[in-house]
Amino acid sequence: MKSLFGALGAALAILTSGCGGTGGTPPAPAEWPYHGGDQQEQRYSPLDAINRDTVGRLGLAWYHEFESDRGQEATPIVSDGVIYVSTGWAEIYAFDAETGKLLWRYDPEVPRSALVSACCDAVNRGVAVSGGKVFVGTLDGRLVAVDAKTGKLAWSVNTLEGQPKAMRYTITGAPRAVKDKIVIGNGGAEMGVRGFVSAFEAATGKLAWRFYLTPNPEGKADGAASDDVLRAKAAATWGDGDWKESGGGGTAWDSMMYDPESNLLYIGSGNGSPFDWNRRSGGKGDNLFLSSIVAVDPDTGRYAWHYQTTPEDAWDYTATQQIMTAKLTIGGKPRDVVMQAPKNGFFYVLDKRTGELISAEPFAPVTWAKGVDMKTGRPILADNVHYKDTPVVIQPGPFGAHSWHAMSFSPRTGLVYIPVQLMIGEYERDPAFKRRPMGQNVALAMKEFPEDQLDAIRKVTKGQLLAWDPVAQKARWSVEHPWFLNGGTLATAGDLVFQGNAEGKFVAYDAATGKVLWSFNTEHGIIAAPVSYSLKGEQYVAVMVGIGGAGSLVGKLVPNRPRMPGRLMVFKLGGTAKAAPYEALYRERLDLEGVTSAGDADAGMAEYNKTCGVCHGANASVAYTADLRRSGALVDAKLWKDIVIDGVLADNGMVGFKSILTPQEAENIRAYVLRQARKDVPNGQ
């Protein structure tokens, strides 16, 4: 439950001939120069040399192992025969896309102390390539441009300039190249920030425009492109409440896309800050532009239209999930549409030029709403979902029915392939909530994971690969995964769907039926989405390997693995490369005989969940991150204080918390972690 922690560079080249047969015609050169493949962001490859008949011959062509053992979330970008990826801490790598030769590496030298502002690990979802430069956003809020051929720094700007220092922003999302500009958003709603999107001139890094996604808390003009619409539409939708201190949230931490036909940039905005609508806005108003798709003019940033998927958001139901455009035949008429499957569990089809709601149906179990009113476009809320007086358990939970893990659309099958997360969530107000300068500020009660209910929770917490018909708004087939956390998808003209999973398998499915046609053991979980490209007559499929991010912090509900390096793995027909086996380096259990604490473990549990769980996992039970149950500091009270209070490991990302914790509270946390460590089992959770 996240309440314990708190989300073609020149068009695809010539399409290949054939329709997914035996692939007799060598594929023409085709690249993956945009985050979503082409500017529609459908994550569809027109290549068909790898198809139903040939996929059984798919093998590893080459791979690269990174130093980073953070979650690997990046979509590879392929341009001019080079494949560009980012890893944890926003490091950029450039490889020869045919051979895997490392061409260069760039480290933006992100201060490790920036990790304290991150909700969800030091991850990065990729780069943009345009005009001979590669662009990446960094965890500490910079947008960096480097030369695409050499990796030398071209320019770097602070995207957070002018924001209050008390607001702790991060960037984990991939920038988008839009005409002559680079567009980037930010994250931090769980901590308490005011979301916005900025566009910078690609050549120089000069700020072109900015669009804020919540009103100015002081009622002032920002001198931004959003000023007029915030005053005319948004300001009246907010009541008095904590948002005036927190900024309200609404961060655009992942999805944006540009549509050349309508000349609109679509922005997906995030959840409210704090979560509790009653605290945030006095229980009043829709709170625009939280959890919305907002369309703006990419040249000026001026508002065009919006559609709010979740008015009154109180559940972390962001609309930051992938936005794609498509041409569909609906009611016998061709429609140009925007499609999104956001966290709240409904699949939305909108007119891409006006934002008119065409249809909305649940693609996963939904109990927070009874449906969507097609006259008003609003969800029909279930009873007590705002948890004002009593807790509520609803579906989806805060991780959402679909998060940032990419979906794909095949024009051949007419289906959207969604990595679904089947989870519940419990929401309860924290009556004693006070905003803090560090840690999460969601205003929810922070509870211990109920280990005595683990079996029951696991039965209702699953993953699913879902083939969804966006015209009929119905499922056509699905494949169940034992874990909720799985990779994004790729659809191809070979009538295949590729997806990696938490178990460490990279799988090709029949796009029409969901039948497994091929799989490869990567030995490490996959959460990123694959891409496909061709060079010199051969088609390749590439994917980043390495589980992590927010989902990996849900103790007991993800595969238990130690921290292992990420990899880029690239496949082709007849590939014969062999990847070296991973070394499963679990930390040894501590000898805790005679180790005591002067702290209160029960009090420490509450403090741990408010302060530490966002990095070290629910119940201190996640081996993938820094496993506190096996930390040498646990047996030494003085060393524990030196680290937790005084920050002696700040250069490693573990800053001191003396601004929000007393030494006694730190010792209470140690007592709680000691209790958890004594429950620990070898190589288990």
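The values are calculated or read from the model by the stated rules, or taken from the named source; none is laboratory data. This structure is a prediction, so every number in the text was calculated from the model and none was measured. Every residue, glycine as well, gets a Cβ built from its backbone with ideal geometry; the counts of neighbours run over all protein chains shown. Note: areas computed on protein heavy atoms with side chains; ligands, DNA, RNA excluded. Shrake-Rupley method; radii C 1.70, N 1.55, O 1.52, S 1.80 Å.
Observations
- Once the Cβ-Cβ distance of Gln453 and Lys233 is raised to the sixth power relative to R0 = 45 Å, the FRET efficiency obtained is 0.55.
- Of Lys370/Lys474; Lys515/Lys572; Lys327/Lys515; Lys343/Lys679, pairs whose Cα-Cα distance is over 23 Å: Lys327/Lys515; Lys343/Lys679
- Calculated FRET value between Asp240 and Ala598, using beta carbons and R₀ = 60 Å, to 0.05: 0.90
- A cut-off of 5 Å between modelled amide H atoms, ignoring neighbours fewer than 5 places along the same chain, links Trp305 with Ala295.
- Residue by residue, the range 410-418 carries 3J(HN,Hα) couplings of 9, x, 6, 8, x, 10, 9, 10, 10 Hz when phi is fed to the Karplus relation 6.51 cos²θ - 1.76 cosθ + 1.60 (θ = phi - 60°); x denotes Gly or Pro.
- Long-range amide H partners of Met324 with built H, under 5 Å: Met339
- Each residue of the range 273-288 was assigned a 3J(HN,Hα) from its phi angle through the Karplus expression (A = 6.51, B = -1.76, C = 1.60, θ = phi - 60°), giving 9, x, 4, 5, 4, 5, 6, 5, 9, x, x, 10, x, 6, 6, 6 Hz with x at Gly and Pro.
- Segment Lys179..Arg105, full-extension length gain: 24.0 nm, with 0.36 nm per residue of separation and the alpha-carbon distance subtracted.
- 5 angstrom amide H check on Phe347, placed H, neighbours 5+ away: Glu361, Phe363
- Among (i) 201; (ii) 161; (iii) 136, the entry derived from the coordinates for volume of the Cα convex hull per residue in Å³: (iii)
- The range 206-243 and the range 337-365: distance between their alpha carbon centers, rounded to Å: 25
- Under 29 Å from the Cα of Lys152 - lysines, other chains or at least 8 residues apart: Lys101, Lys133, Lys179, Lys181, Lys206, Lys536
- Pairs exceeding a 26 Å alpha-carbon distance, out of Lys459/Lys505; Lys165/Lys244; Lys284/Lys352; Lys244/Lys556; Lys244/Lys462; Lys233/Lys375: Lys284/Lys352; Lys244/Lys556; Lys244/Lys462.
- Annotation: for a label point projected 7 angstrom from Cα along Cα→Cβ of Thr367, residues of the range 445-463 with backbone N closer than 13 Å are 457, 460-461.
- In the context of the full set of protein chains, the range 53-194 has a per residue accessible area of 32 Å² (1.4 Å probe).
- The range 504-536-the range 390-417 distance, computed between alpha-carbon centres (Å): 19
- Across the range 91-103, computed HN-Hα scalar couplings (Karplus, 6.51 cos²θ - 1.76 cosθ + 1.60, θ = phi - 60°) run 6, 10, 10, 10, 10, 5, 5, 8, 9, x, 4, 6, 8 Hz from first to last residue, x flagging Gly and Pro.
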